[in-house]
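Asker: Here you go, one structure.
The values are calculated or read from the model by the stated rules, or taken from the named source; none is laboratory data. Just so it is clear, the model here is predicted, and its values are computed rather than measured. Note: ideal-geometry Cβ built from the backbone for every residue, glycine included; neighbour counts use all protein chains shown.
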């Protein structure tokens, strides 16, 4: 019985040692650990409208700068529409010129009608004119005023048509500009989803981009550890693929809702099952320095301090490739 108990005790000690860090010394009380993997924000570079992809200019694994051209859509039809809308603008501008000339003529006729009425009124006052002539001049003035109003309306209509034509030019020009797909930010091409010559639907992604300035590890911690964390707290990451290096990170997110939560949580033992999602972000300046080494999907172990006064053990002191 004694030998069996000793054997079981030894196995338990080895299991605890493995759990606490792959055979390394146990962690201090104020440092918690959890497994996770390196992730990065994905950006979809998609086509705004349906059409044929003229060319895809990037390859998987290529790093592109913000604003770099990723792909181009075929704009043959759009160029034809643009030429037609520009012709409509020229036609509308010509109509405006004609309407302005007609309005100027109507204004001149109105001035003349006013002069004729004034002259007829003077003659009638002096007894040299007839009432019939005076009525005729008043009628001519009314006609001239109505003609001027019609001229103003025609000019307004021509201007409205020109504005509509210009708006259509702007719309089609915007589509032509959107046919050039650019990277919204600096990053690495992860997947090339479309080949040159393929027809895509509106909103269909052409390539996926990894934002190398936003790389993080997501871990899950029990409530007793997550509840003591604050945004900006220090963290450390040791990757399985590079166990000799210790990468610094900071706590950038702590979930407000627990994961794996039972429907009814009443006892202390049940509350220990609550796990909270925590996001550890690596500094963009550090990522830029080691950009060629950054890979998503790499697994590792993350360590966080649940007390800001706790000291990092020697094996968790920051150590980076030289």
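Asker: Look at residue 143 and say whether it is surrounded by 15 or more Cβ atoms within 10 Å (Cβ to Cβ), touching a helix residue (DSSP H, G or I) at 6+ places or on another chain (Cβ under 8 Å) and at pLDDT below 95.
Answerer: Taking the combined requirement at face value, the residue does not satisfy it.
Asker: Kindly evaluate residue 138 against the criterion of being within 57 Å of the chain's Cα centre (by Cα) and modelled with pLDDT under 90.
Answerer: It is false that residue 138 is within 57 Å of the chain's Cα centre (by Cα) and modelled with pLDDT under 90.
Asker: A follow-up question, please. Do we have any residue at all in the stretch 201-211 that's touching a residue at least 24 places away in the same chain (Cβ under 8 Å), part of a strand (DSSP E or B) and more than 30 Å from residue 71 (Cβ to Cβ)?
Answerer: No, every residue in the stretch 201-211 fails to be touching a residue at least 24 places away in the same chain (Cβ under 8 Å), part of a strand (DSSP E or B) and more than 30 Å from residue 71 (Cβ to Cβ).
Asker: OK, next. What residue, among those in the stretch 312-322 that are in a loop (DSSP other than H, G, I, E, B) and touching a residue at least 60 places away in the same chain (Cβ under 8 Å), is farthest from residue 227 (Cα to Cα)?
Answerer: If we take residues in the stretch 312-322 being in a loop (DSSP other than H, G, I, E, B) and touching a residue at least 60 places away in the same chain (Cβ under 8 Å), then 321 is farthest from residue 227 (Cα to Cα).
Asker: Which of the residues spanning the stretch 313-322 are surrounded by 13 or more Cβ atoms within 10 Å (Cβ to Cβ) and out of contact with any strand residue (DSSP E or B) (no Cβ under 7 Å at 6 or more places or on another chain)?
Answerer: Correct list: 313, 315.
Asker: Within the bounds of the stretch 20-40, is there any residue that is modelled with pLDDT of 90 or more and under 20 Å from the mean Cα position of the chain (by Cα)?
Answerer: yes
Asker: Also, I was wondering about something else. Can you tell me which of 99, 104, 32 is outside any helix (DSSP H, G or I) and on the phi < 0 side of the Ramachandran plot?
Answerer: On inspection, the qualifying residue turns out to be 32.
Asker: From the list 215, 172, exactly one residue is outside any helix (DSSP H, G or I) and within 29 Å of the chain's Cα centre (by Cα). Which is it? Walk me through how you get there before you give the answer.
Answerer: Details: 172 fails: outside any helix (DSSP H, G or I).
Result of the check over 215, 172: 215.
Every residue, every condition in (1) surrounded by fewer than 18 Cβ atoms within 10 Å (Cβ to Cβ); (2) at pLDDT 85 or above, yes or no:
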residue	(1), (2)
88	yes, yes
115	yes, yes
123	yes, no
154	no, yes
159	yes, yes
171	yes, yes
